[in-house]
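What follows is a single structure, written as structure tokens, with notes after it.
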Amino acid sequence: MSITILAIESSCDDTSAAIIRDGVVLSNCVANQDAHAQYGGVVPEVASRAHQVNIVPVVDLALKKAGVNKEQITAVGFTRGPGLLGSLIVGTSFAKSFALALGLPLVEVNHMHAHVLAHFAEDPKPKFPFLCLTVSGGHTQIVLVRDFMTMEVIGHTMDDAAGEAFDKSGKLMGLGYPAGPMVDKLAQKGTARFSFPEPSMEGLNFSFSGLKTAILYFLKKQTAQNEHFIEENICDICASIQDTIVAILLKKLRKAARETGINEIAIAGGVSANSGLRKAFLELGEKEKWTTYIPAFQFCTDNAGMIGVTAYYKYLAGVFCEQDAAPFAR
Ligand code: KG4
Ligand code: ZN
């Protein structure tokens, strides 16, 4: 009998539902929330309310697109955390009610595990053990993945996440929220001719808060001399910021690969959609003789497809949760 999972993701500002049959993603629907752009960041209260509005239509759409009806669902997977509590409560409550009403087993999923296991949504799949650089708006981690259930974070950020570094520096230049994709777009037309200091962080850990401050002072100094500095140089500034963030990330990834001797290497999370990171990662992989893995765009940023794939492997391992499972923020 086939295993058909309805998966729900609502950890931040995207409401997503997906249908996964025997590990294959049949549909992966995301309702983005535009409401946050005007505030320059995600407003938790606004996000929770939008999830409330979006969740039923998104689940409906995922079922329709997959050509599956609710009686064919065998389990429900959902993001239990980490994320914004109010947002998680909406997805968690929906998943629990759906499962209770239809008498289905529930599978809780850790959002960060799911970013890593997004690689199993498609071929080619990484071979265990592999390293995954998981870079999102809230996290920056190097994860040693031993199998579907066993992962060890061997490096992480001590302050801001890589996505935050993109978003906050973009904000300083007046780009909307989230600024990451915009910085990427502008960087493609620019030259990285400005240099910013890279942090000296021990071991495999990262730090991005110094970069943000350096960019702030750089922009202040330049605009004091020329008030049009940002608009005249926006593409080059973006290219320089992007290059610096990518260099910081890949330096530690290379160190991790050399220290562990692992050459199956993946990137994941929202920032893995960045064109500069994807290109530099592939180039480095060739030089270091890695087998490299980059998720398709739909599996980089937050999506229920990756939640469903993770839930599928947990289902196979017989790992379920109870109706009293409460979401966790951190
Ligand atoms: O994984 P994700 O969708 O949500 C979290 O779990 O945080 O990641 C969102 C982050 C945001 O910071 C966003 O600016 C960044 O990923 N991002 C990008 C790009 N696309 C998304 N950053 C740089 N370049 C991109 N193309
Ligand atoms: Zn995420």
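Taken together, the values in this text are just the output of simple stated rules run on the coordinates, not laboratory data. What you are looking at is a predicted structure, and each value in this text was computed from that prediction instead of being measured. No Cβ is skipped: glycine too gets one built from the backbone with ideal geometry, and neighbour counts run over all protein chains shown.
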| said: Helix-only mean residue ellipticity at 222 nm, the chain, DSSP H runs n ≥ 4 weighted -39,500 (n - 2.57), per residue, nearest 500. What is it? | reply: -14500 deg cm²/dmol
| query | Helix 229-260: angle to the longest alpha-carbon principal axis of the chain, degrees 0 to 90, nearest 10? | reply | 60 degrees
| task | May I ask you to evaluate 6.51 cos²θ - 1.76 cosθ + 1.60, the Karplus curve with θ = phi - 60°, for each residue of the range 116-133 and list the ³J(HN,Hα) values in order in whole Hz, giving x for glycine and proline? | result | 5, 6, 3, 5, 8, 6, 9, 9, x, 9, x, 9, 6, x, 9, 9, 10, 8
| query | Out of residues 5 or more away from Tyr177 or on other chains, whose amide H comes under 5 Å of its own, with H placed 1.01 Å from N in the peptide plane? | reply | Gly40
| task | On a 0 to 90° scale, report how tilted helix 209-225 is relative to the longest principal axis of the chain, with both axes built from alpha carbons and the result rounded to the nearest 10. | result | 40 degrees
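Can you pick out the pairs among Lys189/Lys251; Lys171/Lys251; Lys189/Lys220; Lys125/Lys212 whose Cα atoms lie more than 28 Å from each other? Intermediate values should be presented prior to the final figure.
Working: Lys189/Lys251 24 Å; Lys171/Lys251 26 Å; Lys189/Lys220 23 Å; Lys125/Lys212 35 Å.
Long pairs (Cα-Cα over 28 Å): Lys125/Lys212.
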| query | Spin-label point model (7 Å from Cα, Cβ direction): what's the Arg193 to Phe328 distance in nm? | reply | 5.0 nm
| field | Cα→Cβ-extended label distance, 7 Å offset, between Ser200 and Asp34, nm | value | 4.8 nm
| query | Within the range 310-330, whose backbone N sits under 20 Å from a point 7 Å along Cα→Cβ of Leu102? | reply | 310-325
| message | Quick check on my link table: of Lys221/Lys255; Lys127/Lys279; Lys64/Lys96; Lys185/Lys279; Lys127/Lys252, which ones sit more than 24 Å apart, alpha carbon to alpha carbon? | response | Lys221/Lys255
| remark: Relative to the chain, whose Cα atoms define the longest principal axis, helix 44-66 and its Cα axis are tilted in degrees, nearest 10, by 60 degrees
| request: Enter the Cα centre distance for the pair the range 190-265 and the range 1-78, rounded to the nearest angstrom. | output: 34 Å
| field | Peptides 95-101, 119-125 ordered by average Cβ neighbours within 10 Å, highest first | value | 95-101, 119-125
| task | Beta carbons within 10 angstrom, averaged per residue: use that to sort the peptides 236-243, 313-320, 295-302, 102-109, highest first. | result | 236-243, 295-302, 102-109, 313-320
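Express the relative contact order of the range 123-295 as a whole percentage, based on alpha carbon pairs under 8 Å and six or more residues apart in sequence.
28 percent.
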| message | Starting from the 7 Å offset along Cα-to-Cβ, what nm value, one decimal, do you get for the label separation of Ser275 and Lys255? | response | 3.0 nm
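Given Cα pairs under 8 Å that are at least 6 residues apart, what percent is the relative contact order of the chain?
Numbers: 713 pairs, mean separation 84.6, N = 330.
Worked out over the chain, it gives 26 percent.
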| field | Distant alpha-carbon pairs in the range 1-90 (separation over 20 angstrom), percent | value | 35 percent
| Under Stokes-Einstein, with the Kirkwood radius over Cα pairs standing in for Rh, what whole-number D in µm²/s applies to the chain at 4 °C and 1.567 mPa s? | 64 µm²/s
| said: Can you give me the long-range amide H partners of Leu133? Hydrogens built in the peptide plane at 1.01 Å from N, cutoff under 5 Å, separation of 5 or more residues or another chain. | reply: Val143, Ala266, Ile267, Ala268
| request: Report the antiparallel proportion of the DSSP beta bridges in the chain as a percent, rounded to a multiple of 5. | output: 60 percent
